[in-house]
Amino acid sequence: MEKSTIMGNNIPSAIEFISQELPNLGFKMDEPMKNHTTFKIGGPVSVMYFPECVSCLTRLCDILSERKISPIIIGNGSDILVSDDALNVVVISTLKLNSISIIDSDETLDYQDIVVEAGALLSSVAVFAYENGLTGFEFAHGIPGSLGGAVLMNAGAYGGEMKDVVLSTSAHSPNAGIHTLLGVENEFTYRHSRFSETGDTVLSAVIRLRKGDKECIKQKMDDLSIRRRTSQPLEFPSGGSTFKRPKKGYAAALIEEAGLKGYTVGGAKVSEKHSGFIINNGNATFSDCMSVIEHVRETVFEKFGVELELEVKVIE
């Protein structure tokens, strides 16, 4: 099971230095993570920063790296499950880095490139594409994440994935600074990219989309929206699909066949609408969710010999 445990003993002195070095950088102390995750679960973190420009974000990351502090970087807070305990960590929210713009190109070409910052919501990118008559991003309209997280995990739905549209990415690491990766350099595979391993911070991506008919684009977005609403428990907080697709079969089908649809611990429940989702019924704790996850994984393995791998990232 993938878990992330990030501690920092130098945080108080780092906070003081950052306040002097970046006096205009917004932040909140002891900020509850439940206010920043789609699961609506998570205890307070030492400090959460809200950079509004790329240079501010990269300088912040460099300062933390110099002090050997590894921050948790979030966008919309989807695909993460955070402990209810107070966490001695630094969190960086990229949501204010959300610009989307068209790159000038030859009007005779049948495609158009757009550059999207890491904090832009995928739904906003899809609407921007539609408004500009660009097709190829409709699949992401209902994914509740931001661009940075979507690139990191090669997010996808309904036959489309980020690898299909990402032309290049701009990223930052303390050692290499800001650098650009083209195409295969991103190492996209199923729900994985090089950023899953390196810890580099995604700053933006250039997305290439085809020019298309706005009515057709809108119709496809509407059709996929209806499919999502009828098949997924969007009315409840969740982290999206809880488990990755196994090598054989589908996680939801295995969970349902194991008789676990509706299985509940406290406020956490295997959705009766879609067994691949563990939902927060309104008062779920981190412990409730972990108990459901463990029971589902153990039962599916006992019945089918299939070890389900988490798609959500556990932070504790």
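The values are calculated or read from the model by the stated rules, or taken from the named source; none is laboratory data. Quick caveat, the model's predicted, so the values are computed rather than measured. Here Cβ is always computed from backbone atoms with ideal geometry, including for glycine, and neighbour counts include all displayed protein chains. To get the accessible areas, we keep the full protein, side chains included, count just its heavy atoms, and leave off ligands, DNA and RNA. Shrake-Rupley method; radii C 1.70, N 1.55, O 1.52, S 1.80 Å.
With respect to the conditions (1) hydrophobic (A, V, I, L, M, F, W, C); (2) in a helix (DSSP H, G or I); (3) modelled with pLDDT of 95 or more, Val184 lacks only one, and its number is (3). When residues in region 229-242 are screened for being outside any helix (DSSP H, G or I) and either over 21 Å from Lys34 (Cα atoms) or open to solvent by 100 Å² or more (accessible area, probe 1.4 Å) (or both), 2 of them pass.
When you check Thr108 against the structure, is it on the phi < 0 side of the Ramachandran plot and in contact with a helix residue (DSSP H, G or I) (Cβ under 9 Å, 6 or more places away or on another chain), yes or no? Spelling it out, it is not the case that Thr108 is on the phi < 0 side of the Ramachandran plot and in contact with a helix residue (DSSP H, G or I) (Cβ under 9 Å, 6 or more places away or on another chain). Screening region 148-172 for residues that are open to solvent by 10 Å² or more (accessible area, probe 1.4 Å) and among the hydroxyl-bearing types (Ser, Thr, Tyr) and picking the one that is modelled with the lowest pLDDT gives Tyr158.
Region 45-110 holds strands (runs of 3 or more DSSP E) entirely within its bounds, and those carrying 2 or more residues that are out of contact with any Gly (no Cβ under 8 Å at 6 or more places or on another chain) and buried (at least 19 other Cβ atoms within 10 Å of the Cβ) map to 87-93.
If you scan region 173-186, which residues turn out to be open to solvent by 60 Å² or more (accessible area, probe 1.4 Å) and among the small types (Gly, Ala, Ser)? Step through it out loud before you land on a result.
Going residue by residue through region 173-186, those that are open to solvent by 60 Å² or more (accessible area, probe 1.4 Å) are 174-176, 178, 180, 182, 184-185.
Across region 173-186, the qualifying residue is only Ala176.
The residues of region 187-216 that are crowded, with 17+ Cβ neighbours inside 10 Å, in contact (Cβ under 8 Å) with a residue 60 or more places away in the chain and in a loop (DSSP other than H, G, I, E, B), listed by number, are Arg191, Gly212.
Going through region 217-228 one residue at a time, which ones are polar (S, T, N, Q) and either surrounded by 14 or more Cβ atoms within 10 Å (Cβ to Cβ) or farther than 16 Å from Ser123 by Cα (or both)?
Across region 217-228, the qualifying residue is only Ser225.
Applying the condition of being under 25 Å from the mean Cα position of the chain (by Cα) and in a helix (DSSP H, G or I) to region 243-276 and asking which residue is surrounded by the fewest Cβ atoms within 10 Å (Cβ to Cβ) yields Ala253.
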